[in-house]
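Some notes on the structure that comes next.
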Amino acid sequence: ITRNDFYNYFNKRGATIYGQKLISNTCSARLSYIHDRYLNLSNQNPFTLFGGSRVFRTNPDIDEGKIHGLALQYDLDTVNKGRGWYVNALVERAISAFGSDFEYTRYDFTARRYQAWGRHQLDVRAKIAGSDSPLPLQRTYVLGAINGLRGFGNFELAGDRLFIANIDYRLPIKTFRS
């Protein structure tokens, strides 16, 4: 719709097959087989409704190739009416013996606490992630993006390791009206 663009685009073809076990109403574990091929997309400036003659930024090339491997994921979600925990742990292994062009193990752990009191909301988040070897560009961790660390440009901070912690305090807009 507009000419502001905050994502890197690439062509992904393949499939993921998984089995999931619901451990409880709030907890699950999933084992996945990943069979994907990644390709670059050409740079182009598509039609937009807003933005005038501004040009999109150049879409960076990714590391083309196949990622075949396994992923194990654990989720805990106790959030109810603005309160509770959300925890996600992921281990992903790209395995060359499965036909992958890349070989790495990615670790990703996220914990969020949502705390509501009255009409106010406090959200606390911590995330730590890393890998045992260099990641292909499409799998790197990014801090400077639309959903990342505020105050940094798109993709300004990216790499094979990540640690972020932040606290958001939200209050209703009506608080400012008298």
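The values are calculated or read from the model by the stated rules, or taken from the named source; none is laboratory data. Because the structure is a prediction, the values reported are computed rather than measured. Heads up, the Cβs are rebuilt from the backbone with ideal geometry, glycines too, and the neighbour counts pull from every protein chain shown. Heads up: the accessible areas ignore ligands, DNA and RNA and are worked out on the full protein's heavy atoms, side chains in. Shrake-Rupley method; radii C 1.70, N 1.55, O 1.52, S 1.80 Å.
Taking the conditions (1) open to solvent by 40 Å² or more (accessible area, probe 1.4 Å); (2) modelled with pLDDT under 95; (3) closer than 20 Å to residue 139 by Cα in turn, residue 47 satisfies each one other than (3). Selection of first residues in the range 159-174 that are farther than 16 Å from residue 116 by Cβ and open to solvent by 70 Å² or more (accessible area, probe 1.4 Å) and of second residues that are assigned to a strand (DSSP E or B) and of a type in the set (Gly, Ala, Ser), restricted to Cβ pairs under 9 Å at least 6 apart or on distinct chains, gives the following pairs, ordered by first then second residue: 161/129; 161/130; 161/131; 163/126; 163/129; 163/130.
A search for C-beta distances below 7 Å between a residue of the range 95-107 that is modelled with pLDDT of 95 or more and any residue that is of a type in the set (S, T, N, Q) and open to solvent by 40 Å² or more (accessible area, probe 1.4 Å), counting only pairs 6+ apart in sequence or on different chains, returns 103/96.
Checking each residue in the range 108-134 for being aliphatic (A, V, I, L, M) and either open to solvent by 30 Å² or more (accessible area, probe 1.4 Å) or modelled with pLDDT of 95 or more (or both) picks out 111, 122, 124, 126, 128, 129.
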